[in-house]
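Some notes on the structure that comes next.
The values are calculated or read from the model by the stated rules, or taken from the named source; none is laboratory data. Here the structure is a predicted model, which is why all the values come from computation and not from measurement. Cβ sites come from the backbone with ideal geometry, for glycine too, and all protein chains shown count toward neighbours. Surface accessibility is based on the protein's heavy atoms, side chains included, excluding ligands, DNA and RNA. Shrake-Rupley method; radii C 1.70, N 1.55, O 1.52, S 1.80 Å.
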Amino acid sequence: MTTPVLKQIADLLADSSGTMAAARRETLQIVLNDPERALNESFEALAERANTSVPTIMRAVRELGFAGLREFKLALAQELAVSGSPLHRRVQLHDDTAQVVSKVIKSAAAAVNGVQAQLSPQALEAAADAFVAAQRVDCWCVGATSSFMAADMQARLFRMGLVANAYLDQHLQLVSAATLQAGSVAFAISHVGGMPSLLEAVEVARGQGATVIALTQAGTPLAKLADIVIAIQVPDDPVMHVGTEAYLAHLTVLEVLTVLIAQRLGDSVVQRLAGVRKVLSTHGLDTRHHPLLNWGES
């Protein structure tokens, strides 16, 4: 069944056939064709795709009965959250394999595309500066998805020559926090941003004078405690508490941060990474030629 907002758009396009301005019609058609992407991207990006302007989008939204762009997006988000099936927000239970592939990939792409509009250049620059200047960076996390992110960020920083650790256990996070000091960084990754043990570690780290950088949703308890907040919002997942789209969005942020940090470190980090790559390529383990796997060969 078509959701109310999308039905309003479809009805408006049908009723005003030939009378609506071309730019407004193009805008509404784009939203109707891929509402998930329209929800996740900025109105500036939507206007660019429709070859129009934000004021034109505003007029189209008001024709649908909404006071403004924020109200329109909120209504669309609420409807998309309850559409789809218990398996996926965009996939219906009767969809065939080709439709499942298409919808899941489009949803993942929309999540990554939506990151750009949400990122604050000022927050990213402050975070990159803090990482580069830190005597030590400890990465913390909560949950399976964030655990991978913390370990991945530690590996990225370590390869660039920075002193970095990753602590996944809440007891070790408290020990880590107690040993941080001014000039150190605690990087806390949590999409939900409300786990008491992580918040306790953050409070201890701040008491020690460390800088706390949080990758979380805006307005979470973690965001309120952090010195620097990289805020990312993705639609709720119907299956997992923290779904694949949050994973992809966070991984994209880590890639952005890695590049910004590398830019600040300059030529030295380029040479260092090239050296790591060379060592891995010449001394890495290739299981096809491992003696334990080829013991029976003559």
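Looking at (1) at pLDDT below 85; (2) surrounded by fewer than 14 Cβ atoms within 10 Å (Cβ to Cβ), can you tell me which one GLU36 breaks?
All conditions are met except number (2).
Spot the failing condition for LEU168; the list is (1) under 27 Å from GLY275 (Cα atoms); (2) touching a helix residue (DSSP H, G or I) at 6+ places or on another chain (Cβ under 7 Å), and only one is missed.
For LEU168, the exception is condition (1).
Could you grab me the full set of residues in the range 180-195 that are in a loop (DSSP other than H, G, I, E, B) and within 20 Å of ILE230 (Cα to Cα)?
GLY183, SER184, SER190, HIS191, VAL192, GLY193, GLY194, MET195 - these are the residues of the range 180-195 that are in a loop (DSSP other than H, G, I, E, B) and within 20 Å of ILE230 (Cα to Cα).
When ALA47 is evaluated against the numbered criteria (1) assigned to a helix (DSSP H, G or I); (2) modelled with pLDDT under 80, which criterion, by number, is the only one it fails?
The number of the failed condition is (2).
In the range 142-158, how many are of a type outside the set (Gly, Ala, Ser) and modelled with pLDDT of 90 or more? First the steps, then the outcome.
If we filter the range 142-158 for residues that are of a type outside the set (Gly, Ala, Ser), which is where we start, we get 142, 145, 148-149, 152-154, 156-158.
Subset that is modelled with pLDDT of 90 or more: 152-154, 156-158.
Of the residues in the range 142-158, 6 are of a type outside the set (Gly, Ala, Ser) and modelled with pLDDT of 90 or more.
Among the residues that make up the range 210-224, is at least one of them in contact with a Lys or Arg (Cβ under 8 Å, 6 or more places away or on another chain) and more than 19 Å from VAL115 (Cβ to Cβ)? Steps first, please.
Going through the range 210-224, the residues in contact with a Lys or Arg (Cβ under 8 Å, 6 or more places away or on another chain) turn out to be 212.
This time we only want the ones that are more than 19 Å from VAL115 (Cβ to Cβ), so: 212.
Yes, some residue in the range 210-224 is in contact with a Lys or Arg (Cβ under 8 Å, 6 or more places away or on another chain) and more than 19 Å from VAL115 (Cβ to Cβ).
Return the only residue of ALA226, ALA188 being at pLDDT 95 or above, crowded, with 19+ Cβ neighbours inside 10 Å, closer than 18 Å to GLN154 by Cβ and among the hydrophobic types (A, V, I, L, M, F, W, C). It would help to see each step written out before you state the result.
Working: ALA226 fails: closer than 18 Å to GLN154 by Cβ.
Answer to the selection: ALA188.
Restricting to the range 160-187, give me the number of residues that are under 9 Å from ASP138 (Cβ atoms) and small (Gly, Ala, Ser).
Going through the range 160-187 one residue at a time, the tally reaches 6.
Quick one: which of ALA177, ALA166 is outside any strand (DSSP E or B) and out of contact with any Ser or Thr (no Cβ under 6 Å at 6 or more places or on another chain)?
From the options ALA177, ALA166, the qualifying one is ALA177.
Report yes if ALA144 is assigned to a helix (DSSP H, G or I) and surrounded by fewer than 20 Cβ atoms within 10 Å (Cβ to Cβ), otherwise no.
yes
For VAL239, state whether it is in a helix (DSSP H, G or I), modelled with pLDDT under 95, open to solvent by 50 Å² or more (accessible area, probe 1.4 Å) and under 29 Å from ALA38 (Cβ atoms). Outline the logic, then answer.
Values: in a helix (DSSP H, G or I): no; modelled with pLDDT under 95: yes; open to solvent by 50 Å² or more (accessible area, probe 1.4 Å): yes; under 29 Å from ALA38 (Cβ atoms): yes.
Taking the combined requirement at face value, the residue does not satisfy it.
Can you tell me which of THR258, THR216 is open to solvent by less than 30 Å² (accessible area, probe 1.4 Å), at pLDDT 90 or above and under 14 Å from GLY194 (Cα atoms)? Let's see the steps before the verdict.
Values: THR258 fails: under 14 Å from GLY194 (Cα atoms).
Among THR258, THR216, only THR216 is open to solvent by less than 30 Å² (accessible area, probe 1.4 Å), at pLDDT 90 or above and under 14 Å from GLY194 (Cα atoms).
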